[in-house]
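A.B. asks: Dropping a structure here in structure tokens format, bear with me for questions.
The values are calculated or read from the model by the stated rules, or taken from the named source; none is laboratory data. What you see is a predicted model; the values in this text were computed from it and never measured. Cβ coordinates were reconstructed from backbone atoms using ideal geometry, including for glycine residues, and neighbour counts include every protein chain displayed. We work out accessible area using only protein heavy atoms, side chains counted, and drop any ligands, DNA or RNA first. Shrake-Rupley method; radii C 1.70, N 1.55, O 1.52, S 1.80 Å.
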Amino acid sequence: MNELIQKAKKAKEVTGALAAASTAQKNEALTYISRALLDKMNFILQENEKDIGVGKDAGLSEGLLDRLRLTEERLKDIATAINQLLELEDPVGNVTFEAIRPNGLQLKKSAFL
């Protein structure tokens, strides 16, 4: 669990940099991730099988194991979904809510990481 906590802390550390990245930089990263999923598919599937085995040994339910199991089709679907993100407008910095309170206080909510 310590490794998971360390990864979560690292992810939190880089959220500011990610929010400051340009749309082009984020799209480049998404493109890289999508390609890497497909390029490394055999390795990912082999490692996932190991994880499924550990899950079985730990007594995870079949339903949970199925949600964790990756297949070639699932990886391709994930890569396709990532590519679809490239077609969307970058929401970071867009105002998603705005209101003026009776006392004149202006409230705005922007989409940030």
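A.B. asks: Run the numbers for ASP90 and LYS50: contour at 0.36 nm per residue of separation, minus the present Cα-Cα distance, in nm.
C.D. replies: 10.8 nm
A.B. asks: First compute the accessible area of the chain with a 1.4 Å probe, then give the percent of it belonging to carbon and sulfur atoms. It would help to have the intermediate numbers written out before the result.
C.D. replies: Working: 5080 of 9000 Å².
Ligands and nucleic acids excluded, carbon and sulfur reach 56 percent.
A.B. asks: What length, rounded to one decimal in nm, is gained on full extension from ALA99 through to ARG74, with 0.36 nm per residue of separation minus their alpha-carbon distance? Walk me through the numbers before you get to the answer.
C.D. replies: Numbers: separation 25, 0.36 × 25 = 9.00 nm, distance 4.19 nm.
Residue separation times 0.36 nm, minus the Cα-Cα distance, leaves 4.8 nm.
A.B. asks: Taking Cα centroids, how far is the stretch 85-113 from the stretch 1-76 in Å?
C.D. replies: The two parts, judged by their Cα centres, are 29 Å apart.
A.B. asks: For volume of the Cα convex hull per residue in Å³, the choices are (1) 111; (2) 179; (3) 99; which was calculated from the structure?
C.D. replies: The value matching this structure is (2).
A.B. asks: So for the stretch 5-113, if I pair up every lysine 8 or more residues apart or on another chain, how many of those pairs have alpha-carbons under 22 Å apart?
C.D. replies: Lysine pairs meeting both conditions in the stretch 5-113 amount to 13.
A.B. asks: Can you give the accessible area of ILE100 in Å² (nearest 10), computed on protein heavy atoms with a 1.4 Å probe?
C.D. replies: Its accessible surface works out to 120 Å², give or take rounding.
A.B. asks: Follow-up. Which FRET efficiency value, to the nearest 0.05, is calculated for ALA58 and LEU38 with the Förster distance at 41 angstrom and r the Cβ-Cβ distance?
C.D. replies: Values: r = 30 Å, r/R0 = 0.72.
So the FRET efficiency works out to roughly 0.90.
A.B. asks: Let me ask another. State to the nearest 20 debye the size of the charge dipole of the stretch 63-113 about its Cα centre, where the only charges are +1 on K and R beta carbons and -1 on D and E beta carbons. Could the numbers behind the result be given before it?
C.D. replies: Working: 7 positive and 8 negative charges, 71 e Å.
Roughly 340 debye, rounded to the nearest 20.
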